[in-house]
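To start, the structure under review is shown below, and the notes come after it.
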2 protein chains.
Amino acid sequence: MTTPPLSRSEAKDQTRRRLIRAALAILDQEGEAGLSTVKVAKAAGIAQSSFYVHFKDMQDLLRVLAEEGGERLRGAMREARRKAREEPGDLDRHRDTFRIPLEASCRHPELLRIQLRARHDPSSALRDFAVRTAAAYRDHHAADLAALGYTADDERDRRRLEMIAEGINAATNALAIGHLEGRYPDLDECADILTALSRGALRLLRHEATGPRHPDRSEPAHRPAPADPAAGEQRGDGG
Amino acid sequence: MTTPPLSRSEAKDQTRRRLIRAALAILDQEGEAGLSTVKVAKAAGIAQSSFYVHFKDMQDLLRVLAEEGGERLRGAMREARRKAREEPGDLDRHRDTFRIPLEASCRHPELLRIQLRARHDPSSALRDFAVRTAAAYRDHHAADLAALGYTADDERDRRRLEMIAEGINAATNALAIGHLEGRYPDLDECADILTALSRGALRLLRHEATGPRHPDRSEPAHRPAPADPAAGEQRGDGG
DNA sequence: TTTTTCACCGATAGTACTATCGGTGAAATT
DNA sequence: AATTTCACCGATAGTACTATCGGTGAAAAA
């Protein structure tokens, strides 16, 4: 038995972390309805009343949980993206676009499940987190697709690009869940399906973009896109 | 004005229906967490204790709700399918495949939202309903795709077909929600996106199904087109 | 009419959870 | 060593909900 002389603040922080982890586990296993200060505190090994030493109330804990969860997801996405950049994969840039969120999701199954649940639940304290996470994924896709050369010049194409990104995002989540449930063991195959799905949709986009049905504006307007895919959102860690 | 001489059983049945409708509304607006016998009974205009005249407990009400909801969704799907059969739409068979579930979902927004929520919530009494509904949609898609000539001979193709159907289903729900939220006003456009999405994925399937077992072959430019799904395109206009 | 039935009511016991209280002992500070 | 700080404790008041009770009046049956 190690006898690490924990300082008071270290011990407190450790308890706090136990509370957060306990809440995450209960949230994943029993859902938001199963959450209570009693259960969380007990699972963390402290008295129910001591819960309030660390958090103002359950809402407060969930806020912190969402913040940290969002950071973890974003970090996983960043990491996967970085790894994808280092690897040869020039040929499969398109495919990587789908592997990255898939891997990020599967690296944190509880967060994925919680996010999917909370997204449409008006009573959920995590709804905001879920909506923002989904928006981040959608933007990631939209930006990556734009980077692949699928520009959206007019209003309609922009909307279509968004719709495609949203559909792809939903499919990504569904396949990630399927993978986590063991139905689709091969993550590469999931990425393949997503790649194939998007390819068809993008053809529609490009088709519309190159040969407009209503040539009212003869302006090609080949604007060089936002250039940085989703890098702009968290380019922070530099190179 | 109206003086409808309601028999006792008629009045009771009407109260029961009010309870179910009230529960559905609360469920949609506040989520499962906001549900209580107090609220439901009050919204239905009766005393809380009288709730138990009609249902054993809240679980019982939710069971009935799920049964009726499932029946309504299935009915809407059946109806849309029937209507699609009657219409000329030979050209847009493929597209109809996606319009049908879209319309069915949008006809019952509360049920769609509730289903999406409950699907991944382990604490939800409606989880079973959600899972079965999702499975029904997925099967609908898989069957329709099969009807379009995309056979799945071996294990792998079967799994891929299922994955495609699951992805498409998820995208369908996402776009239906987007439509209900007003972001995608044109349901036809949603169907177009879904059509395009599936077309790419089906190409992958067909490629695997018709081509010889040589995985190194790159994308062929020719179009064998067994059942002619994409032939109709949409107004084609080669441009 | 007389009697029975029963949908509905108010009251309430019981359960589960929240959030605050004063107390305690060991770490931290003096 | 003496004092202060504070993370944690048990107890408990307060809140919200569930589910059961006996009572009531009007519809239904006799």
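The values are calculated or read from the model by the stated rules, or taken from the named source; none is laboratory data. Predicted model, so just to flag it, every value in this text is computed and none were measured. With ideal geometry, Cβ positions are generated from the backbone for all residues, glycine too; neighbour counts draw on all protein chains shown. Surface areas here come from the heavy atoms of the whole protein model, side chains and all, with no ligands, DNA or RNA. Shrake-Rupley method; radii C 1.70, N 1.55, O 1.52, S 1.80 Å.
All but one of (1) away from DNA strand D (no atom under 12 Å from the Cβ); (2) more than 26 Å from A:A33 (Cα to Cα); (3) open to solvent by 40 Å² or more (accessible area, probe 1.4 Å) hold for B:T15; state the number of the condition that does not hold.
It is condition (3) that B:T15 fails.
Is it true that A:A41 is within 16 Å of DNA strand D (Cβ to nearest atom), open to solvent by less than 80 Å² (accessible area, probe 1.4 Å), closer than 30 Å to A:H120 by Cβ and away from every other protein chain (no Cβ under 14 Å)? Even if it seems obvious, please write down each step before you answer.
Numbers: within 16 Å of DNA strand D (Cβ to nearest atom): yes; open to solvent by less than 80 Å² (accessible area, probe 1.4 Å): yes; closer than 30 Å to A:H120 by Cβ: yes; away from every other protein chain (no Cβ under 14 Å): yes.
Yes.
For every residue, the table says whether it meets (1) within 24 Å of B:V64 (Cβ to Cβ); (2) crowded, with 21+ Cβ neighbours inside 10 Å.
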residue: B:E86; (1), (2): no, no
residue: B:H94; (1), (2): no, yes
residue: B:T97; (1), (2): no, yes
residue: B:A104; (1), (2): yes, yes
residue: B:E110; (1), (2): yes, no
residue: B:H120; (1), (2): yes, yes
residue: B:R132; (1), (2): yes, no
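Under 24 Å from the mean Cα position of the chain (by Cα), of a type in the set (S, T, N, Q) and within 11 Å of DNA strand C (Cβ to nearest atom) - does that describe any residue in the stretch A:52-64?
So far as the stretch A:52-64 goes, yes, one or more of its residues are under 24 Å from the mean Cα position of the chain (by Cα), of a type in the set (S, T, N, Q) and within 11 Å of DNA strand C (Cβ to nearest atom).
Scan A:E103, A:E86 and give me the residue that is out of contact with any helix residue (DSSP H, G or I) (no Cβ under 8 Å at 6 or more places or on another chain), acidic (D, E) and assigned by TED's automatic domain parsing to the domain that holds A:R127.
After ruling out the rest, the residue left standing is A:E86.
Select from the stretch B:165-185 the residues that are in a loop (DSSP other than H, G, I, E, B) and more than 9 Å from chain A (Cβ to nearest Cβ) and write down the one among them that is most open to solvent (accessible area, probe 1.4 Å).
Applying the filter and picking the extreme gives B:E181.
Exactly one of these conditions fails for B:K56: (1) open to solvent by 80 Å² or more (accessible area, probe 1.4 Å); (2) away from DNA strand D (no atom under 13 Å from the Cβ). Give me its number.
(2)
Looking at the stretch B:103-134, which of its residues are assigned to a helix (DSSP H, G or I) and acidic (D, E)?
B:E103, B:E110, B:D128
Among the candidates A:I114, A:I164, A:I168, A:I177, single out the residue that is closer than 20 Å to B:P185 by Cβ and of a type in the set (V, I, T).
Details: A:I114 fails: closer than 20 Å to B:P185 by Cβ; A:I168 fails: closer than 20 Å to B:P185 by Cβ; A:I177 fails: closer than 20 Å to B:P185 by Cβ.
Going through A:I114, A:I164, A:I168, A:I177 in turn, the sole match is A:I164.
So B:L145 clears everything in (1) modelled with pLDDT under 75; (2) within 21 Å of B:A84 (Cβ to Cβ) except one condition, right? Which one?
(1)
Report the residue count in the stretch A:94-116 for those that are within 14 Å of chain B (Cβ to nearest Cβ) and acidic (D, E).
Looking only at that region, the number is 1.
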